[in-house]
Amino acid sequence: MRRPHLFLLLLIPLVVSVPTEPSELILGGNRATQKQFPFHVRFIFERPAGQFSACGGTLLDERHILTAAHCLSHTLPNAYAVAYLGLIDREDPEATGVQSVPIKSVMMHPDNPTGNHTYDDIAVLELADVVKFTEFVQPIKIVASDDTFIESPMGGVVMGFGVTSYANKTIGPLSRYLLYAKVPFVEYNLCKKRYGWKITNKTICADTVGKGVGEGDSGGPLVIFHENEWIQMGITAWTTRTQNRRKNPSVYTRISKYCTFIEDVTKKSVRCL
């Protein structure tokens, strides 16, 4: 069995620095346009030895971001951390519609307080300032019941600024632009057979051949479009390094199983509908 890879990707030691120039392909994805995914967040935070990392997330309300716990597994106490909202080009953080807000605090799941486990891979970030809702920046909807959606043949949509390819077990470059891809859900028993105990009723499997998420997409969303609104089903957690995601699907934290956690840490300012 291949070792699962968490999607966190180190940047070189300056916030303004970026990896090599990326391709516009992200495992079968397309470039997002402004206002297309106004709930998507990219945040940067300080790690040991003066390094910085980036992850994805989603805006829950004016002060809270939902992401993966493993994104915060090696953050420094009182470290520099900032969230970018409305961003579709990471080399243009001052573009029209983009808001940058410092991150005030991190709230990890109590059963995964270090973020080092593949289970309960969920965390909520509290922002230092209130986000202003605009046509570029809007919160995502989360739901307590998602069985019907997971069983839908329509599948979902994933997005991020992560790596754009895998070749010879080597990861490709990060994307400069926010990219998205449509992916089918993978049936629970098939995913369980592939990954064993790591798959539970608190996870969702998705992706297909040549399409899916990769390193650098950690914490970003798996969403569906239902009745003219976006609903978040999962949080990007881990995968294997391969282009064939049908046989080796990516794994997402299933949000509907964590409604109590989200409501508790946000003091019920965010609720699953």
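General observations
- Shape call, segment 83-177: gyration tensor on alpha carbons, a/c limit 1.5: rounded
- Both radii were evaluated on the Cα set of segment 87-241; the Rg over Rh quotient, with Rh as the Kirkwood radius, amounts to 0.95.
- Between ASN189 and LYS141, the modelled label-to-label distance comes to 3.2 nm, taking each label 7 Å out from Cα in the direction of the beta carbon.
- Our Cα-only numbers for segment 31-91 put the radius of gyration and Dmax at 12.4, 36 Å.
- Amide N proximity, segment 91-127 versus TYR80 label position 7 Å along Cα-to-Cβ, cut-off under 20 Å: 91-95, 99-106, 126-127
- For segment 172-210 versus segment 77-131, the gap between their alpha-carbon centres in whole angstrom: 22 Å
- When TRP197, TRP238, TRP230 are sorted by how many other C-beta atoms sit within 10 angstrom of their C-beta, beginning with the fewest, the order is TRP197, TRP230, TRP238.
- Cα gyration tensor category, rounded, prolate or oblate, for segment 65-107 with a/c compared to 1.5: prolate
FYI, it's all coordinate maths here, none of it is from the lab. What you are looking at is a predicted structure, and each value in this text was computed from that prediction instead of being measured. Counting neighbours? That spans all protein chains shown, and the Cβs are built from the backbone with ideal geometry, glycine included.
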